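What follows is a short report on a single structure.
Just so you know, all these numbers are worked out from the coordinates, no wet-lab data involved. The shown structure was predicted, so the numbers you read here are calculated from the model rather than taken from an experiment. Here the Cβ is made from the backbone with ideal geometry for all residues, glycine too, and neighbour counts use every protein chain on show.
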Amino acid sequence: MAVVTWTPAAEGDLEGVFAYIAREQQSLRTAANVLREIVAKADLYSGNSLAAALRPEFGPSVRSFYVHRYVIIYRPSDQGIEVIRVIHGSRDVFRVFRRQEP
């Protein structure tokens with residue numbers, strides 16, 4: 001069975017996504033739904049870790065996919081995938097990724 005692991009930075013990103021959506025949409029339900037979608041899609045990619053777009057600008061074997069406006073950046077692993085970051089697409093993804101790379 002494929003596994004998704006989350007770096008501490010990615011876990012912090014998820015907390016930030018939840019807080020932002022809950023505040024802006026004034027809805028805990030909406031925030032929880034977006035997080036569920038991110039986790040579900042990560043689970044899907046963990047079973048086929050090479051399916052997402054290759055992102056060599058972030059490093060060897062790094063890939064990404066989108067959920068709504070969020071870019072999920074990950075590395076394939078022997079067990080599935082390791083999610084490195086979850087970044088809103090309106091941000092300078094490259095700058096955010098490089099600043100807090102694990």
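Some observations on this one:
- Counted charge near residue 19, where neighbours are those whose Cβ lies closer than 14 Å (Asp, Glu -1; Lys, Arg +1): -3
- Considering only segment 3-99, percent of DSSP beta bridges that pair antiparallel, nearest 5: 80
- Between residue 50 and residue 98, the simple label model (points 7 Å from Cα in the Cβ direction) yields a spacing of 2.9 nm.
- Segment 45-102 and segment 2-31: distance between their alpha carbon centers, rounded to Å: 15
- Potential extension, residue 43-residue 1 segment - 0.36 nm per residue separation minus Cα distance: 14.1 nm
- Ranked 14, 54, 44, criterion: other C-beta atoms within 10 Å, fewest first: 54, 44, 14
- Rounded if a/c under 1.5, otherwise prolate or oblate - segment 23-65, Cα gyration tensor axes: oblate
- Of 57, 15, 82, the one that fluctuates the most in a GNM where the chain has Cα springs shorter than 10 Å: 57
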